[in-house]
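The values are calculated or read from the model by the stated rules, or taken from the named source; none is laboratory data. Because the structure is a prediction, the values reported are computed rather than measured. Glycine also receives a Cβ, built like all others from the backbone with ideal geometry; neighbour counts cover every protein chain displayed.
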Amino acid sequence: MKRVLIFTAGYGEGHNAAARGLAAALTEAGAEAEVRDLFRETYGRRQKMAERLYIECINRAAPLWAAAYRLVDRTPLMRWMMPAMGAVRRKLAEVLAERQPCAVASVYPAYGWLLDRIFPGKNPPFASHTIVTDSITVNSVWWKFRSDSWIVPNEATAAVMRGAVSAERVHALGFPVQMKFTDSTAVRTPPGNGEPLRIFYMVNHGYSVAARLVRRLLEIPGIALTVAYGKEKAVGRAIAEAAQSAGRKIELHGWTPLVPELLLRNHILIGKAGGAATQEAIAAKTPMIITKALPGQEEGNARLIVENGCGALCESDDAIVDAVANAAEDHAELWHRWHAAIVKLSKPDASREIARFILAQPASAVVSCVDGGCVRSPGG
């Protein structure tokens, strides 16, 4: 049985979502898949604090985050930071020696840099794959290290990456979403001709004004609204009161594991351009009305949706309401255009495709695999 280690980090949900989706597909394919967050394992509470600070920074100090993103992209900052990551580098070396993987899949770029430090000037004794979770505006931190492959979500991102690394190592296999996106038997009736336009509003920022937006959306005829407000219970109460005062029924969720089902059932997602949300909407073939796109990686996600005609970027209540109203008009003609476009982007089976790619090692690269551990040939 081949052993694959998947390395992730908790800076946003996209990395962990990709790790979970890939692990499930590898396990289904008969491999031993192990997801490890070595930053959490090494730094414990300090890492959790760093992750919270990251979320606070991107939500409350977007210009500061934009400056940091550009700094990492345009300077050798990541290389300068490597000595400070000595503890996690030692942890990575320890895990590799203990687990002896046939392959490593990194869904967070720092691991590629750390592997270069552990194996300076030579190939590691396993295949190394980098799963890029961003689209189009890909930071150079993703490619300034050695990797056997870079697996990217779409062709637009592949075009960017091929300008930076060997083209034959870039593979546009998709984003490894949960397999339920391709296995689902749910049938979604298109809107129009008596079928309401079903809107899924995922409240992941702007909590203080969410109830106001819900009130305005409920003024639009011919829509059915589902709202997920996460762990913000006060926001949930305010939204419920807004629906009651409008005399309209809505489907209301707090934190829920049913996001894939909700995306597959509804016609439009309203929310910010986060990595996991955007890629899951694409997998579900659900057009997006994007309410916010942070500089950097979310900007690329927004471009992917807008430039491919799969939705709209609307950063005010007025723009959001207008976009929903327009999508519902004329038997949902605009929605049908958005949907046809997003179908072309969608790769709901990406997890399985990536798993097959990782497990299909060329004979010239791996000569033995005993008890989960592999040895690379001298030329591999």
Practice problem: Scan the stretch 120-137 for residues that are more than 15 Å from Ala293 (Cβ to Cβ) and part of a loop (DSSP other than H, G, I, E, B) and jot them down. | Solution: Pro120, Gly121, Lys122, Asn123, Pro124, Pro125, Phe126, Val132, Thr133
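Per-residue answers, yes or no, for (1) crowded, with 18+ Cβ neighbours inside 10 Å; (2) farther than 19 Å from Ile354 by Cα; (3) among the basic types (Lys, Arg):
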site: Trp142; (1), (2), (3): yes, no, no
site: Ile151; (1), (2), (3): yes, no, no
site: Asn154; (1), (2), (3): yes, no, no
site: Ala159; (1), (2), (3): no, no, no
site: Gly163; (1), (2), (3): no, yes, no
site: Gly174; (1), (2), (3): yes, no, no
site: Gln178; (1), (2), (3): yes, no, no
Quiz item: Listed residues Ala9, Ala67, Ala61; which is at pLDDT below 95 and closer than 18 Å to Val141 by Cβ?
Solution: Ala67
Quiz item: Does Glu315 meet the test of being outside any helix (DSSP H, G or I) and exposed (fewer than 15 other Cβ atoms within 10 Å of the Cβ)?
Solution: yes
Quiz item: Residue check: is Asp148 more than 29 Å from Glu307 (Cα to Cα) and among the acidic types (Asp, Glu)?
Solution: yes
Practice problem: Give the residues of the stretch 25-64 that are buried (at least 19 other Cβ atoms within 10 Å of the Cβ) and part of a helix (DSSP H, G or I), sorted by residue number. | Solution: Ala25, Leu26, Leu38, Phe39, Gln47, Ile58
Quiz item: Looking at the stretch 39-58, is at least one residue charged (D, E, K, R) and within 19 Å of Trp142 (Cβ to Cβ)?
Solution: no
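Yes/no per residue for (1) of a type in the set (Ser, Thr, Tyr); (2) more than 29 Å from Val306 (Cα to Cα); (3) touching a strand residue (DSSP E or B) at 6+ places or on another chain (Cβ under 7 Å):
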position	(1), (2), (3)
Gly121	no, yes, no
Ala127	no, yes, yes
Ile131	no, no, yes
Ser135	yes, no, no
Asn139	no, no, no
Lys144	no, no, no
Asn154	no, no, yes
Val160	no, no, no
Self-check item: Residue identified as out of contact with any Pro (no Cβ under 7 Å at 6 or more places or on another chain), crowded, with 19+ Cβ neighbours inside 10 Å and of a type in the set (A, V, I, L, M, F, W, C) among Val88, Val72
Solution: Val88
Quiz item: If you take the residues in the stretch 276-312 that are part of a loop (DSSP other than H, G, I, E, B) and within 18 Å of Val227 (Cβ to Cβ), which one is nearest to the chain's Cα centre (by Cα)?
Solution: Ala284
